[in-house]
Amino acid sequence: MYNVTNDVPDNLIKRYEHAFNTNDAKSMNDLFVDDPIFVNFGGNLVDDKESLYRAQAFVFGPGGPLENLSVSYTVEKITDLPEGLAAIHARQRTLRSDADAEDQRTDSMEAIFLVVAELVDGTWKIKIGQNTPVT
């Protein structure tokens, strides 16, 4: 029997985190299948890879809203789906080395990041993603 939890640790999410924290829109975009569906933190639905790349390049680019922001992702659950698919729930938190304890408790960027990952030529990629703010 195929067990995705043994084959998809949080490597895909770690690569996403690295791309986010290095403002690398191209590397982040490469983590997606050719026909992704993504709902970003602001609730905008993007359903093609080129539009997704343009949005990523904007938010991570000079003066973009995420240019100077770093986050961490903690995988909370990986769910087996039919072979070649997995659902991954991760918690996103802002990294603030200079923040006090109160700032850490009121993280305006905390979210649950849900990914449906698809195995494409031996590499896990994001087919569907949604980043839902935690209020």
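Side notes on the structure shown:
- In the range 25-83, the qualifying residues are those that are among the β-branched types (V, I, T) and more than 12 Å from the chain's Cα centre (by Cα), and the one that is farthest from T132 (Cα to Cα) is V33.
- Within the range 52-76, the only residue that satisfies the criterion of being among the acidic types (D, E) and either modelled with pLDDT of 95 or more or touching a His at 6+ places or on another chain (Cβ under 6 Å) (or both) is E76.
- Residues considered: T79, T94. Of these, the only one that is in contact with a Leu (Cβ under 7 Å, 6 or more places away or on another chain), modelled with pLDDT under 95 and either under 19 Å from D121 (Cα atoms) or among the polar types (S, T, N, Q) (or both) is T94.
- Restricting attention to the range 110-124, the residues that are under 15 Å from Y16 (Cα atoms) and surrounded by fewer than 18 Cβ atoms within 10 Å (Cβ to Cβ) add up to 3.
- Looking only at the range 31-58, and only at residues there that are touching a helix residue (DSSP H, G or I) at 6+ places or on another chain (Cβ under 8 Å) and not in a strand (DSSP E or B), the one that is surrounded by the most Cβ atoms within 10 Å (Cβ to Cβ): Q56
- Odd one out for I37, checked against (1) closer than 20 Å to K125 by Cα; (2) modelled with pLDDT under 95: (2)
- Set E102, E118: member being in a strand (DSSP E or B) and either touching a Lys or Arg at 6+ places or on another chain (Cβ under 7 Å) or modelled with pLDDT under 85 (or both): E118
The values are calculated or read from the model by the stated rules, or taken from the named source; none is laboratory data. Quick caveat: nothing in here was measured; it's all calculated off a predicted structure. Note that we place each Cβ from the backbone using ideal geometry, even for glycine, and neighbour counts take in every protein chain shown.
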